[in-house]
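The values are calculated or read from the model by the stated rules, or taken from the named source; none is laboratory data. Bear in mind that the values here come from a model prediction, so they are computed numbers and not experimental data. Note that each Cβ is placed from the backbone with ideal geometry, even for glycine, and that neighbours are counted across all protein chains shown. Only protein heavy atoms, including side chains, enter the accessible area calculation; ligands, DNA and RNA are left aside. Shrake-Rupley method; radii C 1.70, N 1.55, O 1.52, S 1.80 Å.
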Amino acid sequence: METELLKVFDSNRIQTGVASREEVHRLGHWHEVFHCWFASSEAGVDYLYLQHRCAMKKDYPNLWDITAAGHLLAHETVYDGVREIKEELGIDVSFVELVPLGIRDY
């Protein structure tokens, strides 16, 4: 997993290269991730669905996290982000079914 290749960006969101996931995190490079939050409203009560991270995870083990999320690989676009939903939740979702909330700098 640490050898996955990710796109690297400058602070203006201009791609400057590609690097391994390990290098991107070690050096703090800007890179792309996909977050998908599942929410619902039932009988007037709003719900936000989270997943519990495995105790064996390298980063943030045993904590609550985004419904489905992950890195976009160097050959992927934001449209490929639905792969994370299938991998983590086993749910097939089309990108057009999602409600975009935009790009967030973090």
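The table below gives the values:
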| quantity | calculated |
| --- | --- |
| Spherically averaged projected area of the range 5-63 from its Cα convex hull (nm²) | 6.1 nm² |
| Sequence-separation-based contact order of the range 52-101, relative, with Cα cut under 8 Å and 6+ spacing, percent | 21 percent |
| Only Lys, Arg (+1) and Asp, Glu (-1) charged, at Cβ; the chain dipole about Cα centre in debye | 220 debye |
| q = 0.22 Å⁻¹: log10 I(q)/I(0) that the Debye formula gives for the chain, counting C-alpha atoms only | -1.37 |
| Given charges at Cβ of Lys, Arg, Asp, Glu: the chain dipole, positive-most of Asn12, Gly44, His71 | Asn12 |
| Value of relative contact order over the chain, rounded to a whole percent, pairs C-alpha under 8 Å and six or more apart | 20 percent |
| Carbon and sulfur %, accessible surface of the chain computed with the full protein complex present, 1.4 Å | 57 percent |
| Average accessible surface area per residue within the range 38-87, 1.4 Å rolling probe, Å² | 69 Å² |
| Sum of side-chain charges, Trp64 neighbourhood, beta-carbon under 13 Å (Lys, Arg +1; Asp, Glu -1) | +1 |
| 222 nm mean residue ellipticity, helices alone, for the chain (DSSP H n ≥ 4; -39,500 (n - 2.57); rounded to 500) | -3500 deg cm²/dmol |
